[in-house]
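Visitor: This is the structure I have questions about; it appears just below.
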Amino acid sequence: MLDAQSYFDRVSGDLSGDATARAAALAAAEAAGLPTRRQEAWHYTDVTRLLGKRTDDTIGAVDFAPLNPLMAVFDNGALREAPVAEGLALHDFEAAPIGDNAMLNYNAALAQGGLNAEISGALAQPLIVTTQGDEPVHLHHKITLAPKAKAVLVDNHMSCGYTNARFDITLGADAELTLIRVQQAGHQIGTSQIELAENARVKSVALVTGGALARHEANVAFAAAGAHAELHSAVLGRGDNHADFTYVIDHQAAETSSNTTAYNVLDAASRGVFQGKVIVRKDAQHVDAQMQTRAMMLSEGAEMDAKPELEIYADDVVCAHGSAIGELDKDALFFLRARGLDEASAIYLLVAGFIEQVLSHIDDEVMADSLRALVAQKIAAQFSIEGAA
């Protein structure tokens, strides 16, 4: 997506909404240009170079059928299947206003559509938003949970092309959302804006098993007391895949809490990036914010960049961060080999166990097992192990 103006000229006639507002958003994006390494939030992710890379990732089937899910399928940007359920109201697509960075403005200018959903009560089935196809895609999703609503939302990214996706998520008081993200291929730049009201809870579990570029940015705002967020991510890197998780966790209110973990398994020339900033505002006393990153390096050519940050303006808080990067545990590998496993099978077990520390945060065992099967398939293919899945 390196020539946005030409693309806009070609597709603008098919885009809904205010054409003038879209043109203004594009002008703002073009004036700023694609993010560069000179911008701190993008220091480890060279967008221009990464968008030029090819991806040959195989998309594995994820068996969501046992969950009887609600499906919203976007094929090359067009909504092909819309969910229908009690407690789920769909509204017309709304293009976003001009934002404060280039990627949001490219999205505001070029978004073909998105899911604009309001959830009330407890949604009985998980809502799966699938993105597929091989053309450039720009999507803007708005998900609103009414007070005391509960839902499971899955962002199932299967597109082999370029995707700029935006999720605006608002949780009312006492609402609960489980957000699961899966990326297997393509070039995706995703931005999530999440706002939590009093006693609202969000749990995000993200799994990246492929794709030339995976950039997942989340900005979480704790607007009232009692709000809680968990952000867990796992990366299975191979080839020269690049996976970047960047979080801004903004504790604006007292008595709020967050827990962030990131697990990266990096092979060949793959690269993992984790940037997590916890902000505790001046009057946000009694905040508990924890952040931990771990990386397992399987080759000398792999790279992990971790930059956790704490920015604290209150004095009665419990906040901590830590980071550990190391090679595969040779003692554990020896232990497994001594019990008759070949080296590839032993590595498989250690890698699967490492990723399991993220998947174990998924409360629904059927959902978790579906993703475990995908991980098993990907690891087995990576290490040429027959029958490991």
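Visitor: Distance between Cα centroids, the stretch 223-260 to the stretch 43-80: provide it in whole Å.
Guide: 21
Visitor: Right, something else. Where in the stretch 1-38 are there trypsin sites (Lys or Arg not before Pro) that are in a DSSP coil and have at most 11 other Cβ atoms within 10 angstrom of their Cβ?
Guide: Those that pass, being in a loop and sparsely packed, are 38.
Visitor: Farthest toward the dipole's positive end in the chain, which of 341, 109, 280, given Cβ charges of +1 (Lys, Arg) and -1 (Asp, Glu) about the Cα centre?
Guide: Of the candidates, 341 comes out farthest on the positive side.
Visitor: Now a separate question. Return the percentage of antiparallel bridges among DSSP beta bridges fully within the chain, rounded to the nearest 5 %.
Guide: If I count the DSSP bridges inside the chain, around 5 percent turn out antiparallel.
Visitor: State the Cα centre-to-centre distance between the stretch 166-203 and the stretch 9-31 in whole Å.
Guide: Each part's Cα centre sits 26 Å from the other's.
Visitor: Are there GluC sites (Glu not before Pro) in the stretch 22-119 that DSSP marks as loop and that have at most 15 other Cβ atoms within 10 Å, and which are they?
Guide: Taking the stretch 22-119 and a limit of 15 other Cβ atoms within 10 Å, the loop GluC sites (Glu not before Pro) found are 86, 94.
Visitor: Shape verdict for the stretch 322-367, please, from the Cα gyration tensor: rounded (a/c under 1.5), prolate (a/b greater than b/c) or oblate.
Guide: oblate
Visitor: Let me have the 222 nm mean residue ellipticity of the chain computed from DSSP H runs of 4+ only, each contributing -39500 (n - 2.57), with the sum over all residues rounded to the nearest 500.
Guide: -6000 deg cm²/dmol
Visitor: Another question about this same structure. Relative contact order for the stretch 27-168: what is it in percent, counting Cα pairs under 8 Å that are at least 6 residues apart?
Guide: Relative contact order for the stretch 27-168 comes out at 23 percent.
Visitor: Find the relative contact order for the chain and round it to a whole percent, using C-alpha pairs within less than 8 Å whose residues are 6+ positions apart.
Guide: 10
Visitor: Another question about this same structure. Counting only residues 5 or more places away or on other chains, whose amide H sits under 5 Å from the amide H of residue 142 once H atoms are built in the peptide plane?
Guide: Distant-sequence amide H within range of residue 142: 115, 116, 117, 168.
Visitor: Arranged by the count of other C-beta atoms within 10 angstrom, fewest first, what order do 43, 138 take?
Guide: 43, 138
Visitor: Oh, and also: Would you pull out the residues with amide H under 5 Å of residue 305's amide H, same chain only if 5 or more places away, H placed 1.01 Å from N?
Guide: Under 5 Å from the amide H of residue 305 lie the amide H atoms of 272, 273, 274, each far enough along the sequence or on another chain.
Visitor: How do 220, 318, 248 line up, fewest other C-beta atoms within 10 Å first?
Guide: Ascending Cβ contact count within 10 Å gives the list 318, 248, 220.
Visitor: Cross-link candidates for residue 307: which lysines have Cα within less than 30 Å, leaving aside residues fewer than 8 places away along the same chain?
Guide: By straight Cα distance, residue 307 reaches 53, 142, 203, 277, 282, 330, 378.
Visitor: When a/c is below 1.5 the answer is rounded, else prolate if a/b is larger than b/c, else oblate, so apply that to the chain with a ≥ b ≥ c taken from the square roots of the Cα gyration tensor eigenvalues.
Guide: rounded
Visitor: Hey, another quick one. Please sort 372-378, 327-333 by packing, taking for each peptide the average over its residues of neighbouring beta carbons within 10 angstrom, highest first.
Guide: 372-378, 327-333
Visitor: Here's another thing I want to ask about it. Of 151, 102, 324, which is the most mobile in a GNM of the chain whose springs link Cα atoms less than 10 angstrom apart?
Guide: 324
Visitor: Please build a GNM for the chain, connecting alpha carbons under 10 Å apart, and tell me which residue among 108, 41, 214 fluctuates the most.
Guide: Among 108, 41, 214, the largest GNM mean-square fluctuation belongs to 41.
Visitor: Using Cβ counts within 10 Å as a stand-in for footprinting exposure, how do 371, 341 rank, fewest first?
Guide: Going from sparsest to densest Cβ surroundings: 341, 371.
Visitor: With a ≥ b ≥ c the root eigenvalues of the C-alpha gyration tensor of the stretch 94-193, is it rounded (a/c under 1.5), prolate (a/b larger than b/c) or oblate?
Guide: Oblate shape, in that a/c is at least 1.5 and b/c is the bigger or equal ratio.
Visitor: Here is a further query. Going toward the positive end of the dipole of the chain, with +1 on Lys and Arg Cβ and -1 on Asp and Glu Cβ, which of 128, 82, 62 do you reach last?
Guide: Of 128, 82, 62, it is 62.
Each reported figure results from applying straightforward, stated rules to the coordinates on display, with no laboratory input. Values in this document were obtained by computation on a predicted structure and should not be read as measured data. Using ideal geometry, Cβ is built from the backbone for each residue, glycine included, and neighbour counts are taken over all protein chains shown.
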